[in-house]
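**Student:** After the structure tokens below, expect a handful of questions from me.
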Amino acid sequence: MLNITHKSVNKDVDLTAYKSGQKIFHKRHYKQFNRFLITFAVIMIITLFLPWTQTIISSGNVTTLTPSQRPQTIQSPIPGRIEEWFVREGQAVKAGDTILRISEVKGEYFDPRLVERTGQQIQSKNSSVSSYSEKIKALDNQVGALNTERGLKYEQAQNKLLQSKLKVKSDSIDLEAVKTNLQIAERQFGAFEELYNEGLKSLTELENKRSKLQETQAKLLSQENKFLASKNEVINAMVELNRINAEYTDKISKAQSDKFTAQSNQFDVEAQVSKLESDFSNYEMRNDMYYIKAPQDGFINKAIIGGIGETFKEGQQLVGIMPANYDLAVETFINPLDLPLIHKGESVRVQFDGWPAIVFSGWPNASYGTYGATVVAIENFISANGKFRVLLAPDESDHDWPDAIQVGSGARTIALLEDVPIWYEMWRKLNGFPPNYYQPNGTSQEKAK
């Protein structure tokens, strides 16, 4: 009934006359209620002084402890066309198992005997290198023979020069002797001519002396010619020495030039051999790349390019694989404001998606369904979501994580910080203050060391 009148019913009617009124307005009810309030207030005051663990709550997902154990995709280092699949999605594979076969799409690799033909080219070029080596040896022998022959020829020409000089010396002596004989003949002729004029010698004797004088004069002319001829022989011998030196220098220079040309051609062919050997190795490795193999034990997740005959570029993702052996971990993301509160080795509680849990963030010991973890890595650069990534590993001192957890499932993490009274935590929350900044035990001692 609405109280819309100025006349109150309780003033005209005694409610205590009724049983319900007697129960409601009994004084004992107020006394019990007051006791309840006092007891509740005492309990609340005591509760405010109970310890409360400050926490940083964040979300993340399950991953693996090492990068090599995480889901990955397999790419082909060369472009190609899919020819045959050897596995199905979800199939387990071992390291080295063939997943699919591809074929070439580039024209320069279409030849099925490309490796064999390249090997033949290498053999031909090696034969050319051997031929050039033999030619260089032959030219070395030729240069040696020319040097030997030049030495002999030069020595022969020197001997001839020496003979010519000796002959010049001999002819000069003979010339002096002829001159002496001429002087003697002239004196004898003069003496006989005087004796003839005096009548002491006959005309015949005088004519004999004149004939001998003329003969001696003729010998002088002849000896002078021989002397000049000897000098010419000396000059000719010296010219021959120069000619021999020039001739063999030209021959030796030409042979050495041919040798250097052969060496240059040999080096060029050797460079071609090295390039062909490199191509040969590349072709052999390329043939091995026609079969895409599993890099490690795992399971085929998804065929990204599945059609037979589909083409792809180098480095394009072909198939996804999940490693069979991995160590679970959790990656979580915290706000930059909370980053100074997280340290390596700190304890963290983890709640996994799909596992029921009762969580009391301030009383971790009273929580149910959470698992222990420790901080193993803290990213030094902010992620794309504006938070810092923290990697958590299972706590070996806690119970094991569930075996059915799959990589990629969600997780909720509770980082445990300092223990403070409940009233302090309520006051901090009401004022929007961050948790207390602290250092883990042993940090100051480690710094002192």
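The values are calculated or read from the model by the stated rules, or taken from the named source; none is laboratory data. Owing to the predicted nature of the structure, the values given are computational and were not obtained by experimental measurement. Here the Cβ is made from the backbone with ideal geometry for all residues, glycine too, and neighbour counts use every protein chain on show.
**Student:** What is the residue count in region 308-330 for residues that are of a type in the set (Ser, Thr, Tyr) and over 18 Å from Gln91 (Cα atoms)? Give the derivation first.
**Tutor:** Start the filter on region 308-330 by keeping residues that are of a type in the set (Ser, Thr, Tyr), which leaves 311, 326.
Going one step further and asking which of them are over 18 Å from Gln91 (Cα atoms), we end up with 311.
Selection size over region 308-330: 1.
**Student:** Please go through region 86-108 and give me each residue that is buried (at least 17 other Cβ atoms within 10 Å of the Cβ) and farther than 16 Å from Thr73 by Cα, ordered by number.
**Tutor:** Passing the criteria: Ile102, Glu104.
**Student:** Related question: Please state which one of Ile300, Ile304 is touching an Asp or Glu at 6+ places or on another chain (Cβ under 6 Å), assigned by TED's automatic domain parsing to the domain that holds Gln91 and farther than 27 Å from Val115 by Cα. Even if it seems obvious, please write down each step before you answer.
**Tutor:** Numbers: Ile304 fails: touching an Asp or Glu at 6+ places or on another chain (Cβ under 6 Å).
Of the residues listed, the single one that is touching an Asp or Glu at 6+ places or on another chain (Cβ under 6 Å), assigned by TED's automatic domain parsing to the domain that holds Gln91 and farther than 27 Å from Val115 by Cα is Ile300.
**Student:** Here's something else I'd like to know. Residues that are closer than 20 Å to Leu341 by Cα, touching a helix residue (DSSP H, G or I) at 6+ places or on another chain (Cβ under 8 Å) and at pLDDT 80 or above: does region 353-365 have at least one?
**Tutor:** no
**Student:** For region 302-342, enumerate the residues that are within 31 Å of the chain's Cα centre (by Cα) and in a strand (DSSP E or B).
**Tutor:** Thr311, Phe312, Gln317, Leu318, Val319, Gly320, Ile321, Met322, Pro323
**Student:** How about region 121-148: which of its residues are closer than 10 Å to Lys259 by Cβ and basic (Lys, Arg)?
**Tutor:** Lys135, Lys137 - these are the residues of region 121-148 that are closer than 10 Å to Lys259 by Cβ and basic (Lys, Arg).
**Student:** Now, a different point. Kindly provide the set of residues from region 231-282 that are at pLDDT 90 or above, surrounded by fewer than 17 Cβ atoms within 10 Å (Cβ to Cβ) and among the aliphatic types (A, V, I, L, M), ordered by number.
**Tutor:** Selection gives Ala271 alone.
**Student:** Something else now. Which pairs do you get when a residue that is in the same structural domain as Ile122 (by TED's automatic domain parsing), found in region 250-271, comes within reach of a residue that is surrounded by fewer than 16 Cβ atoms within 10 Å (Cβ to Cβ) and assigned to a helix (DSSP H, G or I), reach meaning Cβ atoms under 8 angstrom, with the pair 6+ apart or on two chains?
**Tutor:** Qualifying pairs under 8 Å: Ile252/Asn147; Lys259/Asp140; Gln266/Ser133.
**Student:** Being assigned to a helix (DSSP H, G or I) and either in contact (Cβ under 8 Å) with a residue 24 or more places away in the chain or farther than 30 Å from Ile184 by Cα (or both): is that true of Gln214 here?
**Tutor:** Details: assigned to a helix (DSSP H, G or I): yes; either in contact (Cβ under 8 Å) with a residue 24 or more places away in the chain or farther than 30 Å from Ile184 by Cα (or both): no.
So Gln214 fails the test.
**Student:** Also, I was wondering about something else. Can you tell me how many residues within region 185-200 are free of Cβ contacts under 8 Å to residues at least 24 places away in the same chain and assigned to a helix (DSSP H, G or I)?
**Tutor:** Going through region 185-200 one residue at a time, the tally reaches 9.
**Student:** So which of Lys153, Lys160, Lys167, Lys125 is surrounded by 14 or more Cβ atoms within 10 Å (Cβ to Cβ), touching a residue at least 60 places away in the same chain (Cβ under 8 Å) and under 60 Å from the mean Cα position of the chain (by Cα)? Lay out the reasoning, then the answer.
**Tutor:** Values: Lys153 fails: under 60 Å from the mean Cα position of the chain (by Cα); Lys160 fails: under 60 Å from the mean Cα position of the chain (by Cα); Lys167 fails: under 60 Å from the mean Cα position of the chain (by Cα).
From the options Lys153, Lys160, Lys167, Lys125, the qualifying one is Lys125.
**Student:** Considering only region 132-169, state which residues are under 14 Å from Ile244 (Cα atoms) and of a type outside the set (D, E, K, R).
**Tutor:** Scanning region 132-169 gives Leu146, Asn147, Thr148, Gly151, Leu152, Tyr154, Gln156, Ala157, Gln158, Asn159, Leu161.
**Student:** Among the residues of region 54-71, which ones are farther than 15 Å from Gln406 by Cα and surrounded by 17 or more Cβ atoms within 10 Å (Cβ to Cβ)? Talk me through it step by step, then tell me what you get.
**Tutor:** Going residue by residue through region 54-71, those that are farther than 15 Å from Gln406 by Cα are 54-59, 66-68.
Once the filter is applied, which keeps residues that are farther than 15 Å from Gln406 by Cα and surrounded by 17 or more Cβ atoms within 10 Å (Cβ to Cβ), region 54-71 yields Gln54, Thr55, Ile56, Ser58.
**Student:** Kindly provide the set of residues from region 158-192 that are touching a helix residue (DSSP H, G or I) at 6+ places or on another chain (Cβ under 6 Å) and aliphatic (A, V, I, L, M), ordered by number.
**Tutor:** Leu161, Val168, Leu175, Val178, Leu182, Ala185, listed by residue number.
**Student:** Moving on. Kindly establish whether Leu139 is closer than 29 Å to Glu284 by Cα, crowded, with 16+ Cβ neighbours inside 10 Å and touching a helix residue (DSSP H, G or I) at 6+ places or on another chain (Cβ under 7 Å). Spell out the reasoning first.
**Tutor:** Values: closer than 29 Å to Glu284 by Cα: no; crowded, with 16+ Cβ neighbours inside 10 Å: yes; touching a helix residue (DSSP H, G or I) at 6+ places or on another chain (Cβ under 7 Å): yes.
Taking the combined requirement at face value, the residue does not satisfy it.
**Student:** Continuing with the same structure: Provide a single number: the residues in region 84-140 that are assigned to a loop (DSSP other than H, G, I, E, B) and not acidic (Asp, Glu).
**Tutor:** 13
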